[in-house]
Structure formats: structure tokens, C-alpha cells
Protein chains: 2
Amino acid sequence: MAETKRVVIVGGGFAGLNAAKKLSRSHDVSVTLIDRRNHHLFQPLLYQVAMAGLSPADIAAPIRSILSHCRNVRVLQGAVTGVELNQSLVQTDFGDVPYDYLLLACGAGHSYFGHAEWEEHAPGLKTIEQATEIRRRVLTAFEQAERNPNPTEQKRLLTFVVIGGGPTGVELAGAIGEMSRYTLAKDFRSIDATLARVLLIEAGPRILPTFSDQLAHRAMRDLESLGVQVWTSSRVTKVDEYGVEVGDERVRAATVLWAAGVEASPLGHDIGVETDRQGRIVVSQDLSLPNYPNVFVAGDQAHCTGPDQRPLPGVAPVAIQQGRFVAATILGDIAGQPRQTFHYVDKGSMATIGRSRAIAETKRMKLTGFLAWLAWLIVHVYYLTGFRSRFFVVLNWAWSYLTFRKGARLIVGKEWRSHPFGDETPEVHQETMVSETQPSSA
Amino acid sequence: MAETKRVVIVGGGFAGLNAAKKLSRSHDVSVTLIDRRNHHLFQPLLYQVAMAGLSPADIAAPIRSILSHCRNVRVLQGAVTGVELNQSLVQTDFGDVPYDYLLLACGAGHSYFGHAEWEEHAPGLKTIEQATEIRRRVLTAFEQAERNPNPTEQKRLLTFVVIGGGPTGVELAGAIGEMSRYTLAKDFRSIDATLARVLLIEAGPRILPTFSDQLAHRAMRDLESLGVQVWTSSRVTKVDEYGVEVGDERVRAATVLWAAGVEASPLGHDIGVETDRQGRIVVSQDLSLPNYPNVFVAGDQAHCTGPDQRPLPGVAPVAIQQGRFVAATILGDIAGQPRQTFHYVDKGSMATIGRSRAIAETKRMKLTGFLAWLAWLIVHVYYLTGFRSRFFVVLNWAWSYLTFRKGARLIVGKEWRSHPFGDETPEVHQETMVSETQPSSA
């Protein structure tokens, strides 16, 4: 038998993980998967962690545990700092790793369109840390409003702005609306949580531009029924600690969330290959780098055009199909077969709005309301990696659904060291508490 | 009816929460509970979060959600900065709060016996943040060992030291031993996780000093069967980034955990009342402050002597009974009844060692092994606050028990901002990776 080929995969997301799984069935390769995190994250449900519906461990699993039974796959936690394409070496913070085949699947982060300073005031939603930070901010805003007797401040604290009207923005805004109207309704004494204002701001003429007009319109009505105001054709011109500016208008909001721009891992830029404006690496029809047929790019990091010549969207199904395609291409190479062209099979798209509404669209069919939500539930649970996650997510949902309670409403700080009493509470504009607002006995 | 009395409770732990619940049944009081965190934490199971067996939300619940139906109780998240005893005012970071009755139940943190600089290298286990930090450190040590070809470094990375042989130390050490021997056994390629060294260091002549000799001995044998070495009569003289020193001996260890000293909230010291060496406030027989009969202290913050004249231990049952006693005393005062003396009813104590062994002891009975573990399980699940927690914890345990897997093995960082590629990985002594250690195909 021929020598085993060394395949290095950078990134344990949907693309990398699916490539590794497929390659693990072959005796011709030995695989090294490198990720700077120890876990694979089911990003489509990350907004549920941010909204206190799920725990991080419900939607994330250790990569090495997922690949535990793939004996020819080694998982290493570490940071890739560069690629020496001409020497076939991946540079990492623990030394150089040589490869015969390389798959780059590093994903994407947020783009603030040249306003990096906005991130501090408007966190995005790509990692578990960001999700728990958003959870902390949203829940803390309600806590601060409860203890603040100043009506102007209360209003600012109970105003939530979501920037970006794609699926993530719609899901976040819907979930905040629902949380304030149902989950938190009975928990406060001084404020009425159901009066929280939720604003969804979209620069384009309508939300959910990848969906049909009809479904986007329905989603907008569903959002409004949860108290979410949708502002379209509204470009945010400033984000700071007081809120946002949209041209001349100014909204005072304690919590601003970012679901607008996406930017691929900077690795493409660092290694000096052609990238598009969003930093995605431009690949050939077989997902390999021009001039480097043994180097592939997949998932959010790849700029790969579809039949309409537009780049494929950064969604999980694209990454999964590309990861599997690259694995098949490598095995085909070893078996002496000619290269194929990657074709994306679009099975449709979905977005959820609150507790029991969604929109779903395939080539043949459009669904709305509860039926779409059921479809969304089934698809997402089906794709969750690992039995435990599926099982617990379903239970958590069933629980939330039946009780309207959110299971993971924890405000957790960043600092673990023990504190002199009291210095970990978030800052708040200090006001003397009016003791007369004390509730009388029931 | 008489005017309602204003009761302020500081701290939403076992003492504060039980006092609030009991007071909520009366129409004569209106209660304000202040805590700098939004959640009540079931501390006896915190080690399970640190050891990746449970998610934080499984053992913590929002205080305002627990007390949602107590209409005369208001919950405020904020930091108490002082108490003006003579003016009956609690000072907080959101203003002053006046009281007719005050219950201080702020709990305790860790004491490093004058070596505050040790904390950086040996985190303790009192908060969710600390638990996830310990989880991060333990799991990261295994990750770093996997990618490090230097045997000396591997050995240091796979050495875990737990300082303090009380129940928490025993539970932590047992859980690390079990994790390395079962959960992680098949997940690594370069290292043998089952060779991890776990060291439990106790300054006194034996571990678990509050238990009988016989049970402590049994616990030690159980620990040894999980690969934990127990060093008694060993006083740690130094903790730094390389490991620990015990007199002349030096142990190189990447992970050191602190389960030794406890120190009450500094509030007792700040308000100028009598405290013991551990910062606990010395209280009268009715748990009130001498000279301030309307101010009570309960739980880990109180120094209250038992029938043997020794202070009561800092455990949940003491806090629960004291919280209820204080509530009854306040209601008795209002009803014009004379004060009673607090008597602790000791129902016994337990500690668990790994997956299916424990020790339990009451006045009449001693249990060991699986039976003690079952008793431990039932008692802990019974006391978990709120149905959701109980339900999910049982499921999580059943799952872990059946599969030997740990459900929450996430390494989560402290920083949520997006990162230029690669700068979030923990530091590691850099070594060039030997590519020959690549696994061959299975």
C-alpha cells in the first residue's frame, strides 16, 4: 500500500469537521485538525445562548470527543499563524506542521466596516464568549432598570437595538421581544418588563434580503407582534455608550447588538493569496487555491461562486457540503481520479421569530408560522452534533415552551479572582434609591 | 393592621433565600433582597461545573425568578458597600436603603493565609467564574500535553495538585482522577490521559477532619483507586507558576487548585463589629448583633457556636436553618413574642469521591461506597432549588453515568471581543512539533 498522505485541516467548524469525518474512513490518509478552540460550535443556535434559552454546552462539544473514534485523526488545540505554501508547512504557535494536503476552514468574524471602536458598544455573535457577553448585557439592563428610579434612565436601559436585518438580527430581536413580554413579565417590581423597546435596524430596503418578499413581510409582522420595531433603509452612522445614531436620528439605548457585517479570517490576507472585499479566499471550481492544487478552502472563509455568479452564502449547509467535497477530492486524487467541480445543493433557508413562529423557504415551498417553526426545530435538532446535544436541547426547548421560562438566565462576569466585596457589579448611573417604591405586602 | 416592617436581606445564598421565602408568607413585612449577582448558586455541586460534568445553569437560578411569586419581596442586583448601624441604613452602589430589620448573609470567599499572590496560580472554588476558570485550566493542560513532545513538560502538564483535604478538595481530586482515567481515556493520540498524576495535599494529619477516622480512611482508599495520591501533614509553603513547594519538596504542576482556607465577607470588618480570625461576625444566641437586636447575621458570615462551643461549620444546612430562624424571629418580634435561642439540628455530612462512591455520616449511621453515593445523590437533588435544575441535573448525571462522558467540556475564554487570528490560545512553552508523532492510519 502507498504511503499515507498527511492532511492538515485548520478549523473545527462545519467544513473542517465534516472533511475530517469523511477522511477518517480512509486508510490512505492521516489527518491533523488544528483549532484554537477545543470545541465545535453549532452556530445556528448561538442566539439561543445569548438569549438565555440554552447553555453553552448544549450547542458545543469538544472536537476531540466528536472525533474520538476516528483513530487516524489527531486533534490539536493551537493557533495557526501562517502558511508557507511553497514549503507545504502550516505555522502554528506550537511549531511547524508539514502537509501533503491542506484544508483551510477558519470561518469568519464580524466586520464593523472600518469602525472597530463600535465593537465595545455593540458585540456581535460568533463565539460562546460573545453569546454570554450579550446575555450578561441584556439581563443586566433589566436588573439596572429595576433599581433605577429615574424614568429617563429606565427608558434607556429598557431600549435594545439590534443592527442588521439578516436571520441573526431577526432571531435576536424576536427573542428579546419575547423574553421581555413573557419570560421576565412577572419577575420585576419597579419596572414593567413588557414595556421594553426593541429596535431592529437594517440599512437595506427590507429585512431578510435572501428570502422572498412575501416571507420577509410575514417575518416583519411576526416581529411587530412581539413588540419589535423594524427600521429599514436606515444606516447606522455612530455607535457609542449612549446608543446609536441613524443619520440625524438618535436612539438612547443601553444595549446595542451587532448582526450586520461579516469578515473572513485574516489568514487569507496574511498568506498573500487573492481575497475578496470580505477577506474570503477566491478558490477554483474544485475549491483549491489557484496554483496550489493541494490547498483547499471551504466554508465562510472561501469565496466560491454559485450558478448565478454570486458568492455562496456563509451558512452551515454550504460549509458541510464543501468540507465533504474536499475530503472526496483528496481521496479521489490519491486514487488517481480526475478532479470534479463543486456544486452547491441548496435545500432552502429558514429563520425563526420568537417562540413558535418561523419562516422557511425552499425552491418549491414557502412555510410560515407554527409549521415553519416545527420544520425549523426538526432541522436544527437533526443537525446538532452528538446525541447529548440533541437530547438536551429538545428537553430545554420543551421546558421553555411549556413554562415560558428561560433556563440559563445567568449573569456571569469575566473575572474569576475573588473580589473585595462589591467591585464586580456593572457600573450604573448612581441615583439615590427612593425607598417609597418598596412594594407593599401582597 | 400595623405598618409593614421593612426587612433588608443582603445575600441570596442559602441563608438569605430561605429567610426571604419564609418572610414572604407574612403580610407584616416587605422584603428587599440585595445581591451583587443575579443568581442563587447551589455551591455543593459547584465542583461538578469545574469538572465539566454540569453546566453553570444546571446549578444556578436567577434569584428574582426563584422569588417571582413572593409579591412582597423585591430583588435588587447591586453591591452593598457598608452598613450605618445607628441610622439603620444599608449603603449600596445605587443609594442608601433604610431598614427596620437587617439580615447579613454575604457568605465567604477563600483565604490564602496572607499569600494573596497564590490565587493567580491556584484558583479556589466559590463562584461560577472560578468554576469555569478551573475547567478551562484542567482541560487546557490536557490539550497542551497532547501537542507537546517534551516528556518533562508533558509530565508537568499532566500533574494536578489540589490543596486542602476537606470535602471540596476530596471531590475535586476524585473528579480529576476519574476524568483522566475514564472520560478522556480515548480522546488523545500522543498522551495517555490515564497517566495523569493527581495530588491531594493536606496540612493536617488526615483528610476530611470533620468525619470519623473510619470514613476518612475509606475515602482515602477510594481516592487512591482513582489514582489520587494523598499527602497528609504536608504544609504548602509556596505556590507559583511552576507548581508547589511543600517544605523541601517541590512538585512541578501546571494546574494547582485551592480548597484550603475560607474567609468571610469583609463587610463584618468594614462595619466595625466583632469578628473572629476568619472574618466571621460574632453573634448572640438569637443570631443578632450584640447591641443591635434588629440586625442578624446568618450562614458562612456568622460565627455562631454549637453545643460543643466550637463554631458551626460553613455548610448549607446551617445556613438554611439560620435563615429560617431569623425570619421566624422577625415575625415573632412583630407578634410580640420573646426571642428564642438558635439550635442547629445536625443531620449529618457527606462527601463524594468520583462517579459512584461517597461517604456519609449521621449521629446514628455511617455509609460508604455506592450506597453512600446514592444517598448523596438523593439529598443533593432534593435540595436543588427549582424543578428545572433538579430535572436537568438528574438527566445530566444519568447521561454521564451511562457513558462516562462529560457533557460540558468547554474551554471558554475570558475575552469576548473578536480577535485577530490566533491570539487567544493559552501560552505554552513552544516546542517544535515532531511530525513523526503523527498517527498512522488505523
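The values are calculated or read from the model by the stated rules, or taken from the named source; none is laboratory data. These numbers come from a predicted model, not from an experiment. Positions of Cβ are generated from backbone atoms using ideal geometry, with glycine treated the same way; all protein chains shown enter the neighbour counts. Side chains included, ligands, DNA and RNA excluded: accessible areas come from the protein's heavy atoms. Shrake-Rupley method; radii C 1.70, N 1.55, O 1.52, S 1.80 Å.
Here are a few things to note about the model shown:
- The longest stretch of chain B left intact once loop-based GluC sites (Glu not before Pro) with at most 13 other Cβ atoms within 10 Å are removed from consideration, loops following DSSP, is B:275-414.
- Calculated SAXS-style log₁₀ I(q)/I(0) at q = 0.27, 0.32 Å⁻¹ - region A:143-193, Debye, Cα scatterers: -1.01, -1.16
- Of all lysines in the structure, the ones whose alpha carbon falls short of 23 Å from that of residue A:126, not counting any fewer than 8 places away in one chain, are A:238, A:406, A:414, B:414.
- Here the convex hull built on the C-alpha positions of region A:1-103 has a volume of 102 cubic angstrom per residue.
- Every Cα-Cα pair in region B:287-350 was counted, and those over 17 Å apart are 40% of them.
- On the rotation that sends chain B to chain A, the chain B Cβ lying closest to the axis gives residue and distance in whole Å as B:55, 2.
- For the protein assembly as shown, the dipole from Cβ point charges (+1 on Lys and Arg, -1 on Asp and Glu) about the Cα centre works out to 3320 debye, to the nearest 20.
- Per-residue [θ]222 nm for chain B (sum of -39500 (n - 2.57) over DSSP H runs n ≥ 4, rounded to 500): -8500 deg cm²/dmol
- Exposure check, 1.4 Å probe, all protein chains in place: residue B:238 carries approximately 90 Å² of accessible surface.
- With all protein chains modelled, accessible area of residue B:132 [1.4 Å, Å²]: 40 Å²
- For residue A:340, label point 7 Å along C-beta direction: distances to other copies, nm: 7.7
- For region A:304-382, the equivalent ellipsoid derived from the alpha-carbon gyration tensor has semi-axes of 32, 14, 9 Å in decreasing order.
- Taken over region A:63-113, the ratio of Cα radius of gyration to 2.2 N^0.38 Å equals 1.39.
- With respect to chain B, whose longest principal axis is taken over its alpha-carbon atoms, helix B:213-225 is tilted by about 40°.
- Candidate aspartates and glutamates for bridging to residue B:186, where Cα separation is under 16 Å - those fewer than 8 sequence places away on the same chain excluded: B:143, B:146, B:178
- With both residues required to sit in the protein assembly as shown, DSSP beta bridges show an antiparallel share near 50%.
- Sorted largest first by accessible area at a 1.4 angstrom probe radius, with every protein chain in place, the residues A:310, B:135, B:339 fall in the order A:310, B:339, B:135.
- Gyration tensor (alpha-carbon) shape descriptor, region B:248-373, a/c threshold 1.5: oblate
- Projected area averaged over orientations for chain A, convex hull of C-alpha atoms, nm²: 24.2 nm²
- Rg [Å, one decimal], Dmax [Å, integer] - region B:127-166, C-alpha atoms: 12.1, 36
- Centre separation in Å (Cα based) which lies between region B:172-195 and region B:207-274: 22 Å
- Charge tally in the Cβ shell below 14 Å around residue B:87, where Lys, Arg are +1 and Asp, Glu are -1, residue B:87 excluded: -2
- Inter-copy spacing of residue B:86 label points, which lie 7 Å from Cα along Cα→Cβ, given in nm from shortest upward: 8.2
- Taking every alpha-carbon pair under 8 Å whose residues sit at least 6 apart, chain A reaches a relative contact order of 19 percent.
- Computed lengthening from residue B:415 to residue B:115, 0.36 nm per intervening residue step minus Cα-Cα distance: 105.3 nm
- Measuring between their Cα centroids, region A:311-346 and region B:53-125 lie 54 Å from each other.
- Chain B: antiparallel DSSP beta bridges as a percent of all, rounded to 5: 50 percent
- Degrees between helix A:387-403 axis and first principal axis of chain A (Cα, 0 to 90, nearest 10): 20 degrees
- Candidates per trypsin sites (Lys or Arg not before Pro) in region B:1-84, loop by DSSP, up to 12 other Cβ within 10 Å: B:25
- Rg(Cα)/(2.2 N^0.38 Å) for the protein assembly as shown, N = residue count: 0.98
- Simple rule: put +1 on each Lys or Arg Cβ and -1 on each Asp or Glu Cβ in chain A, find the dipole, and look at A:247, A:17, A:278; the Cα lying farthest toward the positive end is A:17.
- By DSSP, the beta bridges lying fully in region B:1-135 are antiparallel in about 40 percent of cases.
- Nearest-ten-degree value, helix A:128-146 long axis tilted from longest Cα axis of chain A: 0 degrees
- Mean shadow area of region B:92-229 over all directions, Cα convex hull, nm²: 12.6 nm²
- For region B:62-199, a simple Cβ point-charge model (Lys and Arg +1, Asp and Glu -1, everything else neutral) yields a dipole of about 580 debye relative to the Cα centre.
- Taking the Kirkwood radius as Rh and the Cα radius of gyration as Rg, region A:161-279 has a ratio of Rg/Rh equal to 1.06.
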